[in-house]
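Take a look at the structure below.
The values are calculated or read from the model by the stated rules, or taken from the named source; none is laboratory data. As the structure is a prediction and not an experimental result, all values here were calculated from the model. When we count neighbours, we look across all protein chains shown, and the Cβ atoms used for this are built from the backbone with ideal geometry, even at glycine.
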Amino acid sequence: MESKELIAVDGNAEPWEERFNEPTGKTLFRKNLYADPDTGMEVRMVRYPAGFINPLHTHSCAHGMYVLEGTLVTREGQFGEGSFVWFPEGNVMEHGATADKDVTVLFITNKPFDIHYVEAG
């Protein structure tokens, strides 16, 4: 039987990586915690600054967000700390932070991450 190695990451010690979002002209922040080399599944922390909403888009992967701090704003409603929100593969979505406070989420995909912006209308 093949032995698997435990992976532990101190998310508090990891630096925030700035990610410029061209459609919004704003910057969001992330910490990559783990990517599975076999499935492409990814786990990261993402922080959307107050007022940042990632505009209408789709993904070829499903993904979940566990709200660590703040309130996650989506087209379907707002979700506070401790909420887990699952976005099915291919759904048109937008999400981000409230106008007055950053939101930090644990972001988990089921396979490699991609993003495709769609036009409103």
* Structure fact -> From the option list Glu81, Glu42, single residue qualifying as acidic (Asp, Glu), touching a residue at least 60 places away in the same chain (Cβ under 8 Å) and under 17 Å from Gly11 (Cβ atoms) is Glu42
* Structure fact -> For region 93-121 the number of residues that are touching a strand residue (DSSP E or B) at 6+ places or on another chain (Cβ under 7 Å) and surrounded by fewer than 12 Cβ atoms within 10 Å (Cβ to Cβ) is 2
* Restricting the search to region 37-69, which residues are surrounded by 13 or more Cβ atoms within 10 Å (Cβ to Cβ) and in a loop (DSSP other than H, G, I, E, B)? -> Gly40, Met41, Pro49, Ala50, Gly51, Phe52, His59, Ser60, Cys61, Ala62
* Determine if region 49-57 includes at least one residue that is over 21 Å from Phe113 (Cβ atoms) and in contact with a Gly (Cβ under 6 Å, 6 or more places away or on another chain). => no
* To do: Kindly establish whether Glu94 is closer than 16 Å to Asp114 by Cα, acidic (Asp, Glu) and part of a loop (DSSP other than H, G, I, E, B).
  => no
* To do: Determine whether region 14-25 contains at least one residue that is part of a loop (DSSP other than H, G, I, E, B), at negative phi, modelled with pLDDT of 95 or more and of a type in the set (S, T, N, Q).
  => no
* Asked: Considering only region 26-36, how many residues are assigned to a strand (DSSP E or B) and either basic (Lys, Arg) or more than 28 Å from Glu119 (Cβ to Cβ) (or both)?
  -> 7
